[in-house]
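Comments concern the structure below.
The values are calculated or read from the model by the stated rules, or taken from the named source; none is laboratory data. Only a predicted model underlies this, so the values are computations on that prediction, with no experimental measurement involved. Note that we place each Cβ from the backbone using ideal geometry, even for glycine, and neighbour counts take in every protein chain shown. Surface accessibility is based on the protein's heavy atoms, side chains included, excluding ligands, DNA and RNA. Shrake-Rupley method; radii C 1.70, N 1.55, O 1.52, S 1.80 Å.
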Amino acid sequence: MQSKKVAIIMGSDSDLPIVKNAAAQLKKLDIPCEVRVMSAHRTPKEACAFASSARSNGFGVIIAAAGKAAHLAGVLAAHTTLPVIGIPIKSSTLDGLDALLSTVQMPKGVPVATVAIDGADNAAILAAQMLALEDEALAKKLMNMRLAMTAEVLEKDKALQAQIDQL
Ligand code: RP5
């Protein structure tokens, strides 16, 4: 079964160095995605129109990345009942704390699932886990990814023990 698409929306092209990691993760999992620049403040009409038609356009999850007074994820969430994942971007003198609070502190009724500051990889993995609720093949890929990560950490632990033994 073909996965639904993931939309990755960023507030500015200056967010791309972080946000491209989300696109790369989705690509690894063969999940189709559309990556766009849209701003809650600079292109509010386009952002609202995109979110309003996202479900009928075949999207299953929206990832929204923005920095500073980061209203993008919340505004998109206000215009769709698709799950919205927010990535607060560290793009200001406040080190991303401003974006974190703007993204995570949503009022009751309009949730945004917020990942860590600059947490693009986890945003993509969480989006994949949402799609995997109805996609067994994708769930298997995610499990394999998790097993590979575990094996990598066990290897690192083994290497560390060898180094400690040499002390
Ligand atoms: C936010 O303002 C963007 O998401 C970006 O993180 C920040 C700065 O944008 P630019 O001034 O670099 O376009 O809306």
Close lysine pairs (the range 12-167; alpha-carbon distance under 19 Å; 8 or more apart or on separate chains) counted at 8
Length gained if residue 105 through residue 142 is fully extended, taking 0.36 nm per residue and subtracting the Cα-Cα distance, is 10.4 nm
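When the accessible area of the chain is split by element with a 1.4 Å probe, what percent falls to carbon and sulfur?
Values: 5610 of 9680 Å².
The C+S portion of the solvent-accessible surface of the chain is 58 percent.
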Rounded to the nearest 10, the angle in degrees between the Cα long axis of helix 120-132 and the longest principal axis of the Cα atoms of the chain comes to 80 degrees
Taking Cα atoms only, Rg over Rh for the range 68-167 with Rh from the Kirkwood formula is 1.15
What helix-only [θ] at 222 nm does the chain give? Using -39500 (n - 2.57) per DSSP H run of at least 4, over all residues, to the nearest 500, the answer is -15500 deg cm²/dmol
In degrees, nearest 10, the alpha-carbon axis of helix 16-28 is tilted away from the dominant principal axis of the alpha carbons of the chain by 70 degrees
Sorted on mean Cβ neighbours within 10 Å (highest first), peptides 114-125, 149-160, 39-50 come out as 114-125, 39-50, 149-160
Cα-based Rg then Dmax for the chain, in Å, read 17.6, 63
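Run the numbers on the range 23-144 and let me know its relative contact order in percent, using alpha-carbon pairs under 8 Å that are six or more apart.
Worked out over the range 23-144, it gives 23 percent.
With only alpha-carbon pairs counted, each pair once and no self-pairs, how large is the Kirkwood hydrodynamic radius of the range 35-124 in angstroms? Walk me through the intermediate numbers first.
Working: mean 1/r = 0.0783 Å⁻¹.
The answer is 12.8 Å.
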Measuring from the longest principal axis of the C-alpha atoms of the chain, the long axis of helix 136-165 (C-alpha) lies at a number of degrees, nearest 10, equal to 40 degrees
Listed residues 25, 129, 105; largest mean-square fluctuation, Gaussian network over the chain with Cα springs below 10 Å, found at 105
